[in-house]
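Undergrad: Before we start, here is the structure in question, set down as structure tokens.
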Amino acid sequence: MPWVLCTLLFFAPYLEQTPEEEATEHLSKVHRIYIAILTGGDAALQLRDLLMTSLHNSKQFVITEDEDKADAVLKGAGDDDVFTDTFQSSEGINAHTQMGAGSSEGLRNYSSSSANRSGALTIGENDSRRDEVRKHEAIATVRLVSKDGDVIWSATAESLGAKFMGASADVADKIAKRLVTDYKAAKLQVASQASPIRTIPAGPATK
């Protein structure tokens, strides 16, 4: 039957998909995302809100508060830590110089003379410095899970803070940009692999 052959040819690219190709196809179809509560305490809760804002501002996804309506769920963990780095350095210069000379003369019982000269130079300088730098570091690792429970995308980002934003905001921005970039690439890849329905020309009429 010609229609059976047409059907097989149409679905042939999808019958031998690799796990990567399957994940790419799922990612290309994501439109509505629910961001689950990240593990990591209060810092993770703030990071979740920042992720919601960054992904919403990307204009590529609908961010929903209803998990049942989502095409995929973003899960993961995050942390935001403030710590102090201590640097200690020590420099020293030391110089020590000694000079000495001596002479003596004697002529039986008539005369005698003696001379002694000595000198010493000592220079010492020591410089010890201790610096403390307060740093702010945020990190997040996330994964996008389809309704079937398959992980279709994942990423990890960390930051010590950017020029115009804090560490957590920078991490959320990095994750959002990476997801948008991979999402657009997935749509292009799936579109390029899609094949139109092929038709089989009818053979010559038989008498």
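The values are calculated or read from the model by the stated rules, or taken from the named source; none is laboratory data. None of these values were measured; they are calculated from a predicted model. As a convention, Cβ positions derive from the backbone with ideal geometry for all residues, glycine included, and neighbour counts pool all protein chains shown. Side chains included, ligands, DNA and RNA excluded: accessible areas come from the protein's heavy atoms. Shrake-Rupley method; radii C 1.70, N 1.55, O 1.52, S 1.80 Å.
Undergrad: Checking the structure you have, find out if any residue of the stretch 178-199 is part of a loop (DSSP other than H, G, I, E, B), surrounded by fewer than 13 Cβ atoms within 10 Å (Cβ to Cβ) and at pLDDT 60 or above.
TA: Going through the stretch 178-199, the residues part of a loop (DSSP other than H, G, I, E, B) turn out to be 194-199.
Cutting the leftovers down to surrounded by fewer than 13 Cβ atoms within 10 Å (Cβ to Cβ) gives us 194-199.
Cutting the leftovers down to at pLDDT 60 or above gives us 194.
There is at least one residue in the stretch 178-199 that is part of a loop (DSSP other than H, G, I, E, B), surrounded by fewer than 13 Cβ atoms within 10 Å (Cβ to Cβ) and at pLDDT 60 or above.
Undergrad: What single numbered condition from (1) in contact with a strand residue (DSSP E or B) (Cβ under 8 Å, 6 or more places away or on another chain); (2) open to solvent by 20 Å² or more (accessible area, probe 1.4 Å); (3) part of a helix (DSSP H, G or I) fails to hold for residue 168?
TA: The single condition residue 168 does not satisfy is (2).
Undergrad: Of these, 5, 15, which one is surrounded by 11 or more Cβ atoms within 10 Å (Cβ to Cβ) and either among the aliphatic types (A, V, I, L, M) or modelled with pLDDT under 75 (or both)? Reasoning before the result, please.
TA: Numbers: 15 fails: surrounded by 11 or more Cβ atoms within 10 Å (Cβ to Cβ).
Answer to the selection: 5.
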